[in-house]
Every structure is written in C-alpha cells, then in structure tokens.
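Below you'll find the structure, written out as structure tokens, and then a few comments.
The values are calculated or read from the model by the stated rules, or taken from the named source; none is laboratory data. Small disclaimer: the values here were computed from a predicted structure and weren't measured. Because the Cβ atoms are built from the backbone with ideal geometry, glycine has one as well, and the counts that use them run over all protein chains shown.
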Amino acid sequence: MRKFFLIPLLAFAAMLLLAPSFINDAVADSGIVIKPNGAKKFAVMPAGATNPEGITITSNGDVVVGTFGAAVSLVRFDSAGNLIATATISGGPLLGIAYNPADDKVYICAAGDLSGNPPSRIRRIDADFTDGSSVVDVAEVPFIGAPGDRTVGNPDGSSDTIEFGNFARAPNDLTFDGADLYYSDSFQGAVFRINDAAACPGVCSTDTISHDPLLATAGFPAFGANGVAIRGDTLFVANTGDDTVLKIDLTDTPFPITPTVLAQSINGADGIIYDSNNDLLWVAANQADQVVAIDPDTGRVVAEIGEFLGINPDGSARGLLFPASLVEAANGKILVTNLAAALIGDGSEPEGDVTTYTVSFINIPEFDD
C-alpha cells in the first residue's frame, strides 16, 4: 500500500514545483500576485453620468471623473466616494483628465472630432468646479495625419504591411511632468507635449514627441496610443488595440522619437500610471477586466488584480468591467473607472446590461524587496 501511494504523491509534489507561482498577498521574487476578487466599489456615478473614462485626484483629495456622456461630463467626489458636484461640458466626449497642482486646474482631453464637433482640444476647468464653472481652451490638437506604414514579419519569413488611415484627432490621455503636459492621440498615432501648459493660451508651444506606426493600431479596440505615464526621462504609452506598452526615451532627440516595445499581450492596454513606491507600472487591461502591474525595466507582469464577476441587481458591474483609467490615491489604493462600453453592440457583451456606472478601487499589494 505504501508503494502504491508513494508514486502519485511524488508526482503531485513535482507538479507543484513546476507550476507557476501565484501568491495572494505579498510577491516573492519569482511570484505573481493574483487577486480575482481584488476590485471593490468606490463610488456610483450620478444619473446622466454614463461610461466613466478619465480620472484624477486634486490636491485636497477630491476625485474627479470624466465621461463619454453628453448629459453629465465631469463628476467630483470626496475621498470617500460621496458626490460633491457635476458639470456639463459641450464640444465632444471627454477622454483622459489630469490635475495640475501648479494652477489648481483639471486638464481634459476633449475629442470633438469623434462627435462631429471639431476641433479636438485640450481644455481645463477649476478643480473645485460646479455646473456653472467656465471651461478654457488650452490648445487645439495639431492635425498631422496618420503615421507611416508598419511592416510586420511572419514566422515563415514573409511580411505584412499595415497602412493606417486618418479619421480624426483623438486625444486620449494626458500626464504632467512638472509644468509640461504630455498627451496621446489614438488615431494619429502620436504623442504631443504642451510646454508650460498653465501659460496656455498665450506663450506656449506644442511639440510632436513621437509620430510612429507603433503608436497606431489595426487591432481591437480600435484605439492606438492611449494611457501615458512618466518615470524619469522615460515616457510610457499604452497601445490599446495592439495590447502593448511602449517606451519613449525623452533624451533621444531630435523629435519625433521612435518608441520601443516594453510589454506585449496586455489585453486592451488602456490607462497607465507609475507607482514610484514600488517602481511599477499599473495598466488597465480593458479587455481582460484586470489591472496589471508590470516591471518598467523588463515589462514582466508581477500582479493581476480584479476580474468581471457579473452584474449586480442594481445594474452595476461586480469587480471590473472595461477598466479604462487609473489614479493612485494617498491611502495605498488605486481607483479605476469602469467604462463598461459595449463596442460591438450586438447584445453579446455584458457591458450592454450595465445601467448603473461605477468607479472601483484596488489595494496595492505589499511587494517583497
């Protein structure tokens, strides 16, 4: 009897040794944090505020969320998720937003070209906005057209050439590096920089930092350059349709700079932020319904948190559903907007069942040194 059970027991032990190391709390040197139930509800969007997309936090801890919806464009919560104010902004859907402490304003990617209300612009509003607050145009998005063709090699030695079209200017996400504002353009396959954004309109200039086929996409969802984040002299850019995270060395002049691929197979890489405490990039994988942490030097995944767990009776998503944008809060949490956009529209997507839109949060795990 002992011999009979010894062989299966040894085989089982060997399987455990060979299996990937998935850890639920801290990260060992060779482990990956996996927390499917790690996303919880932070706030419920008010009536009329549908498809929450961009998110930022002001200096007093207020959480500002932008939406695709025309009825309510901006929503402001306190740090506990209680509603403070809303505002309606005309001129097209809002995508990424970012807070600038230099002038206490929230900067907005207003994609007017996508709704037939050109031009697409970067705009700003007071951080303590109410529905009567005025919106200021910072700069119009330059029209530079589509990037050049991309040639992709195949395993058999052949290659395919992708020719990108140019439909509109689509400013998608933005981030500050001191006084300068960097923002992505998903359709033009570009990253722009507004120098000293607080001085605009007025004495300011816009540089084309990168305009490259790697920043465009022929994939799904059909958005190329999306989330942007800064770490030192490196700008990281998520390409949603290509499932990649790219990096741009900002010291590599002259502009435009050619990006390189840091990470691949991040399913629907959308919003991205840099976590300086853990030296990690956190990426919203909108098609995987996860928030993924990757090493900014190697591109390796070290954490996968959250998943879609169904629709609650109130019509809200449990867990994450099409997570779009991220912001790090002061209490060790990351807030995540659940865009919940039904892109196919044939009734097959759970996003079509959402009637109550939400913002979620995840706790940043403790990582071993």
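What's the number of the only condition in (1) over 17 Å from the mean Cα position of the chain (by Cα); (2) crowded, with 24+ Cβ neighbours inside 10 Å that GLY232 fails to meet?
In the conditions (1) over 17 Å from the mean Cα position of the chain (by Cα); (2) crowded, with 24+ Cβ neighbours inside 10 Å, GLY232 misses (2) alone.
Go through (1) buried (at least 21 other Cβ atoms within 10 Å of the Cβ); (2) over 16 Å from PRO254 (Cα atoms) and name the single condition CYS200 misses.
If we test CYS200 against (1) buried (at least 21 other Cβ atoms within 10 Å of the Cβ); (2) over 16 Å from PRO254 (Cα atoms), just (1) comes out false.
What number of residues in the stretch 77-118 are under 22 Å from the mean Cα position of the chain (by Cα), in a strand (DSSP E or B) and under 27 Å from ALA168 (Cα atoms)?
Going through the stretch 77-118 one residue at a time, the tally reaches 13.
Please state which one of THR130, THR161 is assigned to a strand (DSSP E or B) and either polar (S, T, N, Q) or surrounded by fewer than 20 Cβ atoms within 10 Å (Cβ to Cβ) (or both).
Going through THR130, THR161 in turn, just one is assigned to a strand (DSSP E or B) and either polar (S, T, N, Q) or surrounded by fewer than 20 Cβ atoms within 10 Å (Cβ to Cβ) (or both): THR161.
I'd like to know if the stretch 248-261 contains one or more residues that are surrounded by fewer than 19 Cβ atoms within 10 Å (Cβ to Cβ) and under 24 Å from VAL336 (Cα atoms).
no
So which residues in the stretch 191-230 are assigned to a strand (DSSP E or B) and in contact with a Lys or Arg (Cβ under 9 Å, 6 or more places away or on another chain), if there are any at all?
Answer for the stretch 191-230, where residues must be assigned to a strand (DSSP E or B) and in contact with a Lys or Arg (Cβ under 9 Å, 6 or more places away or on another chain): THR206, ASP207, THR208, ILE209.
Inside the stretch 87-119, can you point out the residues that are at pLDDT 95 or above, in contact with a helix residue (DSSP H, G or I) (Cβ under 8 Å, 6 or more places away or on another chain), crowded, with 17+ Cβ neighbours inside 10 Å and not hydroxyl-bearing (Ser, Thr, Tyr)?
Correct list: ASN100, LYS105.
Which one of GLY189, GLY178, GLY165, GLY157 is in contact with a strand residue (DSSP E or B) (Cβ under 9 Å, 6 or more places away or on another chain) and either farther than 18 Å from PRO118 by Cα or free of Cβ contacts under 8 Å to residues at least 40 places away in the same chain (or both)?
From the options GLY189, GLY178, GLY165, GLY157, the qualifying one is GLY189.
Would you be able to say whether some residue in the stretch 165-178 is more than 23 Å from the chain's Cα centre (by Cα), farther than 26 Å from ILE97 by Cβ, assigned to a loop (DSSP other than H, G, I, E, B) and of a type outside the set (A, V, I, L, M, F, W, C)?
yes
Would you be able to tell me the number of residues in the stretch 315-336 that are without any contact (Cβ under 8 Å) to a residue 60 or more places away in the chain and among the hydrophobic types (A, V, I, L, M, F, W, C)?
3
Taking the conditions exactly as written (assigned to a loop (DSSP other than H, G, I, E, B) and in contact with a His (Cβ under 6 Å, 6 or more places away or on another chain)), does PRO155 satisfy them or not?
No, not satisfied.
Take the stretch 106-129 and flag every residue that is without any contact (Cβ under 8 Å) to a residue 24 or more places away in the chain and either aliphatic (A, V, I, L, M) or under 17 Å from THR86 (Cα atoms) (or both).
If the condition is that a residue be without any contact (Cβ under 8 Å) to a residue 24 or more places away in the chain and either aliphatic (A, V, I, L, M) or under 17 Å from THR86 (Cα atoms) (or both), then ASP126 is the only one that fits.
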